[in-house]
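Written out below as structure tokens is the structure these notes cover.
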Amino acid sequence: MQDKGYIRYRILRLVVMFVGAVLLIRLFSMQILSDEYDARATSNIVRAEIEYPMRGEVLDRRGEYLVKSRVCYDVMVIYRELPKEGFDTTRLATILEITPEKLASQLNKASKSPRAPILVAGYLSQENKLLLDEGGFSGFHTRFRTAREYPRKIGGNLLGYVSEVTPEQVSRWEYYEVGDYIGVGGVESAYETELRGEKGVSYRMYDSYGALQGAYKDGADDILPVKGAQLTSTIDARLQEFAEELMVGKIGAVVAIEPSTGEILVMVSSPTYDPDLMVGRQRNNNYAAMMHNMRQPQFNRAVKAKYPPGSTFKLVQGLIGLQEGVLRTSDRYPCNGGFSYGTRKMGCHPHNSPIDFREAVAQSCNAYFCYVFRDMITNAKYGNIKEGVRVWNEYVYSFGFGRQLGTDLYGEGAGYVPTPEFYDRGYNGRWNWGTVISCAIGQGEMGCTPLQMANLAAIVANRGYYYTPHIIKHIEGRDSIDARFYQRNYTMVDSTNFVPVVEGMWRSVNVSGTSRRAYLEGLDVCGKTGTAENPNGKDHSTFLSFAPKDNPRIAISVYVEHGGFGSAIAVPIASLIEELYLTDTIMRPQLVEEVLNFTPNYYQYDKKQQRYDADRAKSKK
Amino acid sequence: MISDYNISRRNTSTSLFGAVDKVALALYVTIVLIGVMCITSASYDPEKGGIFSLSHNYMKQIIWVSISWIMATVVLLLDRRLFHMFAYPAYALGILALLAALFFGREVNGAKAWFEFGSVRIQPVEFVKIATALMMARVMSDYSFNIKRLPDLIKVGAVILLPLGIIVLQNDTGSGLVLGAFLFVFYREGLSKYIYFPALFTVVLFVISFIFTPLTIFIALLVLFTLYNALKTGEVVGHFRFLCGVFLASLFLALVTPMSGYAALMTVCGIAAVVLAVLAIKTRTMMLLWPIAMFVYAMLFVPTTDVLFSHLEEHQKNRILTFVGLVDDPRGVGYNVNQSEIAIGSGGMWGKGFMEGTQIKYDYVPEKHTDFIFCIVGEEWGFFGCTVVVLLYVSLILRLMRMGERIKEPFGRIYCYSVAAILLLHVLVNIGMTIGVMPVMGIPLPLMSYGGSSLVAFTLLIMIAIRLDASTNENDIYI
């Protein structure tokens, strides 16, 4: 009996040791062999939080703020952290500046994913954030953000706006995560990488109730956010505001460039919009309203629209003629109310006849430039007309037409210059100089952006070259902007040939011609009007100008859709902008008044709008 | 091999404290102190007041430790015959206390198993363990007791089942299971090993019946038992034929009659079992009866489990389901275990250091100072700390068994074994549950978990064993 008991004692001893061994083996595999638990322990307590940087600000050329960043907060709720006994919802709604119904619906949304932070309200001001913190609303957290602010409320299209990234953008670029902001359009988009800065991340420890317990590893792994770079724009805010005011009620664009640098002083696309509309809680409504506006306030006409350049293009035509030797400045051509070819006739307005090149520029004679164009493309040295048009194309391209200029503007358009191939397609290969003659006076298939036209003004002002127009002249933390903006781009026309053109433009303003209203005493303004025919209604009014004649400081293009004669509205607008820029004063208040009161009849747009509204109303039903 | 049987006292001093087993005492004190340290780590909160503020759980625990040690001293000073004498009244008192708790007690976590006196809560089941151990020792040490006799076996069975029944009624099944530890004692006292095999088989069947469908289980069992017999008898071909016959007959039955495959198999197996049993008895091949009996048992048991299971409480069901891996729900029932595994697993070799355990500090481990206190050892002291604690427990249990062996009279031996068995089961289930090898049963880690009644009860339990052991060389005549 003793013996058997002892054997069983030994067996039971083994059982006890076996139990101990099982526990220790399991512990060994968990604590020593497996890394899984370490990672899970860390992910239990540590949460990575994105620290949003302050988005870079934009100054105008004089150091005034065009775009400011202001601190604001997103208010998030984590549903399961809400107090069980409820809280003062009316007070919270007041602090958040939302209706109690909106708050209730957001809370309801949050209840579906109780552990995730859900946005309750955005754009909370700093003062209200303090109120929220004092209120001790548990479960509500704030996230630092910056919102845009526009002191002068100008340059809607020019500056672009900031919006939350779309899912497509998130999947396309690694940098962005859901909830990030991204620039849309204008400077915001073109300089996104400079403006956005670098997001930081902080690792914080939380207990199981979600209460903050401090920084993980005392913040050793944290990355501080880097503020976005401050940009200095070439825009003159005062001039921009003035130009926008002058363009109120008109559809079109104004672009002004400093010829000696290519810096864009003014860029207005009208109708424009207050950029502040694209910030804050009403943004979506405002955006929708703009989307339903048939005048398309969000379409940046200054860089995207394709307008027929009209008579302003005669400058290019003349220069090409002079360079190619088919025209001497002393050549006189007759104009009997137009240019007749075959059975057709290109009309012209009444003026003296015959006239020489300078006078033809000043008077904007259609017939004169038709002769020049005809002589140029039919020149025997090219062999045939196709080659002639091809050479003409090369010249026109060298003036920056028919292609993107390579500016730093977002969504720059190329315009259009018709090619021999285009005519071959259009006319089945059967066409002659008469078919394309309207190109001589900037009509027909030609399409230019207002920016390209302003660049033409700069080219003439510089007598033969241009600097690529740009809108940002300085990026914080960099010595220079892109090298392409410091290069002179020469046209294929020698600078000597520009002299008579400039003279003609000067005469047009200062002696007699279509641009007399642009005269400013002692400033030697040069200009060329344009009255572009178009199939939609009244002619477009356009004007190219630069001043002063020698050492020009401003080159400008104004384009007003359906504004009538170039002298009717484009000339006074350009002239007033030049006056303000060059003299810092406005001496012709009655002219300002006249421009402000001038509203073209946009029945085309109004009709379209009516139809569109009616369709929408119908589809809503 | 009597010469191997060499456990005897080195110390033959007759003074009481001289006779006390210092090793067991030292192990006990060490474990208690480690427990206090862990509770300190779990409950120190500077916002609650100074280090010695009584609002901290560890200060309360220190008070309980003091009370326990006073009581330990008293126990060591008592005459050992008292324990023998008090076995019956203690047991009766324990049963009464359980009943009182059942009818008048307070419900905590679904178990109506507590008395509340002011801020002190006492769980009588902790003390019933002592009473049952004493009672068991008393009954089994009876001069005429022989565990191999059925009436005696029923007697000890009743001693266990009476409190167990009340505890189950209290809805405190986890604590009740601890009484199963006495199987360990019965084995030492000579209970046939054949009783243990069906018990083990039952447990295995119980667990797998949740994982597999009955049909799968029976096919597996059929193959397993036939294979066992085939190997044992060497008649592989014959057994293979038998197996094929059973399956073909079931298939035939399932196709011809509207019976399901399961029902068909059961029917064929039932008939086969009867035929085989008759054949076996006729041909006197008794060894065939064993697997047949087991198989029939399984046929009865598995369907019963389903019925049994549907009568369990929701939380018990969930615990079992989570344990066998049928439910994987990290935020639900498995949450505690999941978090506890993370805490322990992240401890590494040396742990994160005293009060540095992030999972502990930031409250990711629930019940960290009571049932899951081993997490603190695991996270803050790593594998090193765990090894120390496990070895301390194993040493204490082995020491108690050794003490039992050297006590000459059965009362002391049975009592010591009971204590060892109760400790073993607690340690296995509690630590096992924190590392996911045992289901969550809500029983404390002896001497370490926070809680007065548990600490006092385990102290008394162990001190009585030490006291009985200390009497071995005294010359008192045992009654």
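A few remarks follow.
- Partners for residue B:361 among lysines (Cα-Cα distance below 28 Å; same-chain residues under 8 apart left out): A:84, A:217, B:48, B:60, B:352
- Here chain B is treated with +1 on each Lys and Arg Cβ and -1 on each Asp and Glu Cβ, and its dipole about the Cα centre works out to around 1240 debye.
- 5 Å binning of all Cα-Cα separations within the stretch B:212-311, expressed as whole percents from 0 upward: 2, 12, 21, 25, 19, 12, 6, 2, 0
- Partner aspartates and glutamates for residue A:4 [C-alpha distance under 19 Å; skip if fewer than 8 residues away on the same chain]: B:4, B:189, B:405, B:409
- Buried accessible surface for the B/A pair, both sides summed and rounded to the nearest 100, is 3900 Å² with a 1.4 Å probe.
- Whichever lysines have a C-alpha closer than 22 Å to that of residue A:618, once near sequence neighbours (fewer than 8 apart) are set aside: A:607, A:608
- Legend: mean number of C-beta atoms from other chains within 10 angstrom of residue C-beta atoms, peptide B:189-198, equals 1.
- Translational D in µm²/s for the protein assembly as shown (Stokes-Einstein at 10 °C, 1.306 mPa s, Kirkwood Rh from C-alpha pairs): 41 µm²/s
- In this calculation the C-beta distance from residue B:44 to residue B:104 is compared with R0 = 51 Å, giving a FRET efficiency of 0.90.
- For the peptides B:77-83, A:546-552, A:265-271, A:421-427, the ranking by packing is A:265-271, A:546-552, B:77-83, A:421-427, with the highest mean count of neighbouring Cβ atoms within 10 Å listed first.
- Surface share of carbon and sulfur [accessible, 1.4 angstrom probe, percent] for the stretch B:42-158: 68 percent
- Ligands, DNA and RNA are left out, and with a 1.4 angstrom probe the accessible area of the protein assembly as shown is 45 Å² per residue.
- Packing rank of A:146-158, B:143-155, A:75-87, where each peptide gets the mean count of other beta carbons within 10 Å, highest leading: A:146-158, A:75-87, B:143-155
- Simple spin-label estimate for residue A:43 and residue A:71 in nanometres, 7 Å along Cα-Cβ: 3.4 nm
- Cα shape, the stretch A:71-151, gyration tensor, a/c 1.5 rule: prolate
- Two-site FRET efficiency, residue A:536 against residue A:81, from Cβ-Cβ distance with R₀ of 45 Å, rounded to 0.05: 0.15
- Alpha-carbon gyration tensor eigenvalues x 5, square-rooted, for the stretch B:244-283, Å: 23, 9, 6
- Across the stretch A:282-351, the mean sequence separation of Cα contacts (distance under 8 Å, 6 or more residues apart), normalised by length, yields a relative contact order of 12 percent.
- Selection from B:154, B:459, A:156 lying farthest towards where the dipole of the protein assembly as shown points positive, charges on Cβ: B:154
- Summed residue charge, Cβ within 13 Å of residue A:420's Cβ, Lys/Arg positive, Asp/Glu negative: -1
- Whole-number percent relative contact order across chain A, with pairs defined as alpha carbons under 8 Å at least 6 apart: 13 percent
- Treating each Cα of the stretch B:346-479 as an identical point scatterer and summing with the Debye formula, the log10 of I(q)/I(0) at q = 0.12, 0.15 Å⁻¹ comes to -0.54, -0.76.
- Average beta-carbon neighbours from other chains, 10 Å sphere, peptide A:38-44: 6
- The mean number of partner chain beta-carbon atoms within 10 angstrom of a residue's beta-carbon across peptide B:335-346 is 5.
- Put simply, when A:395-401, B:188-194, A:215-221 are sorted by average Cβ atoms within 10 angstrom per residue, most first, you get A:395-401, B:188-194, A:215-221.
- Contact order normalised by residue count of chain B, Cα under 8 Å, 6+ apart, percent: 24 percent
- The value given for chain A is a Kirkwood hydrodynamic radius of 28.6 Å, derived from the mean inverse Cα-Cα separation.
- Estimated inter-spin distance, residue A:282 and residue A:62, nm [label 7 Å along Cα→Cβ]: 2.9 nm
- Farthest toward positive dipole pole in the stretch A:1-69 [+1 Lys/Arg, -1 Asp/Glu at C-beta], among A:19, A:45, A:29: A:19
The values are calculated or read from the model by the stated rules, or taken from the named source; none is laboratory data. What you are looking at is a predicted structure, and each value in this text was computed from that prediction instead of being measured. Please note: Cβ atoms are built from the backbone with ideal geometry, for glycine as well, and neighbour counts cover all protein chains shown. Note: accessible area is taken over every heavy atom of the protein model, side chains too, but ligands, DNA and RNA are not part of it. Shrake-Rupley method; radii C 1.70, N 1.55, O 1.52, S 1.80 Å.
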